[in-house]
1. May I ask you to list the residues in the range 100-158 that are open to solvent by less than 80 Å² (accessible area, probe 1.4 Å) and of a type in the set (Val, Ile, Thr)?
2. Let me spell it out: the conditions are (1) of a type outside the set (Ser, Thr, Tyr); (2) closer than 30 Å to Ile76 by Cβ; (3) open to solvent by 90 Å² or more (accessible area, probe 1.4 Å), and His40 meets all of them except one. Which number is the exception?
3. Can you tell me how many residues within the range 43-68 are open to solvent by less than 50 Å² (accessible area, probe 1.4 Å), among the aromatic types (Phe, Trp, Tyr) and under 15 Å from the mean Cα position of the chain (by Cα)?
4. Of the residues Leu45, Leu59, which single one is among the hydrophobic types (A, V, I, L, M, F, W, C), touching a strand residue (DSSP E or B) at 6+ places or on another chain (Cβ under 6 Å) and within 28 Å of Thr101 (Cα to Cα)?
5. Look at Arg34 and say whether it is open to solvent by 60 Å² or more (accessible area, probe 1.4 Å), in contact (Cβ under 8 Å) with a residue 24 or more places away in the chain, assigned to a helix (DSSP H, G or I) and out of contact with any Phe, Trp or Tyr (no Cβ under 8 Å at 6 or more places or on another chain).
6. Contact list please: Cβ distance under 6 Å, first residue in the range 65-76 and at positive phi and assigned to a strand (DSSP E or B), second residue open to solvent by 40 Å² or more (accessible area, probe 1.4 Å) and aromatic (Phe, Trp, Tyr), pairs at least six apart or on different chains.
7. Which residues, taken from the range 109-147, are within 24 Å of Pro46 (Cα to Cα) and either touching a residue at least 40 places away in the same chain (Cβ under 8 Å) or touching a helix residue (DSSP H, G or I) at 6+ places or on another chain (Cβ under 6 Å) (or both)?
Amino acid sequence: MVSDLKLQTEMQKERVKESAKKWASIQMVRHVIRNKMERHKKVGLPRLLETAGEFFRPLTDGSYQSIYFSETDDSIMVMNSAGTVFQAEELSQGTCEQLYTAIRFALAVTRQDGAMLPFQLDDSFVHFDQKRLNRVLEMLAVLSGGERQIFYFTCHEHVKNAFQSDQIIHLVS
């Protein structure tokens, strides 16, 4: 009986050791992830949002000046030309879509590591009025720079008509 208890105790000790190793591994991974996230919030995200702001200003015809991240409530904030700050959800649908577009463009250009990767959009601007649509098409021309391929898919006639005929390829379903 004593020998059985000793054996069970040793087995329990081994299980505790294994559990402690797993716990230590998980804690190390959590620490690394937490540090990566903090670095991203402090370095990567501000750089990304600065680039997005460079797209957002012309997309909004200068109505908005900057985009930044609020660490107090983990939200995207924008500042208009008068200096008033808004949370993204306080913007109109059109302006919010411009913000989303600017962030997508910034992600595309900051994550490409020197490669001119193709860019694909699928009916991203169907809710834009004509002025917003014209500004985003100008931005697409700048983004393509003659070197980057941009694929834009749409089934909306008014969007298709905003492109030049030599830029359009009709796909048959």
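1. Once the filter is applied, which keeps residues that are open to solvent by less than 80 Å² (accessible area, probe 1.4 Å) and of a type in the set (Val, Ile, Thr), the range 100-158 yields Thr101, Ile103, Val109, Thr110, Val126, Val136, Ile150, Thr154.
2. Unmet condition: (3).
3. Residues that pass the stated criteria total 2.
4. On the way: Leu59 fails: touching a strand residue (DSSP E or B) at 6+ places or on another chain (Cβ under 6 Å).
Residue meeting the stated conditions: Leu45.
5. Numbers: open to solvent by 60 Å² or more (accessible area, probe 1.4 Å): yes; in contact (Cβ under 8 Å) with a residue 24 or more places away in the chain: no; assigned to a helix (DSSP H, G or I): yes; out of contact with any Phe, Trp or Tyr (no Cβ under 8 Å at 6 or more places or on another chain): yes.
Criteria not met by Arg34.
6. That search, which allows pairs on different chains as well, returns nothing.
7. Of everything in the range 109-147, those that are within 24 Å of Pro46 (Cα to Cα) and either touching a residue at least 40 places away in the same chain (Cβ under 8 Å) or touching a helix residue (DSSP H, G or I) at 6+ places or on another chain (Cβ under 6 Å) (or both) turn out to be Val109, Thr110, Phe119, Val136, Met139.
This table checks each residue for (1) small (Gly, Ala, Ser); (2) without any contact (Cβ under 8 Å) to a residue 12 or more places away in the chain.
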{"site": "Ser92", "(1), (2)": "yes, yes"}
{"site": "Cys96", "(1), (2)": "no, yes"}
{"site": "Ile103", "(1), (2)": "no, no"}
{"site": "Leu107", "(1), (2)": "no, no"}
{"site": "Ile150", "(1), (2)": "no, no"}
{"site": "Val159", "(1), (2)": "no, no"}
{"site": "Gln167", "(1), (2)": "no, yes"}
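The values are calculated or read from the model by the stated rules, or taken from the named source; none is laboratory data. Model, not experiment: these values are computed from the prediction. Note that we place each Cβ from the backbone using ideal geometry, even for glycine, and neighbour counts take in every protein chain shown. Side chains included, ligands, DNA and RNA excluded: accessible areas come from the protein's heavy atoms. Shrake-Rupley method; radii C 1.70, N 1.55, O 1.52, S 1.80 Å.
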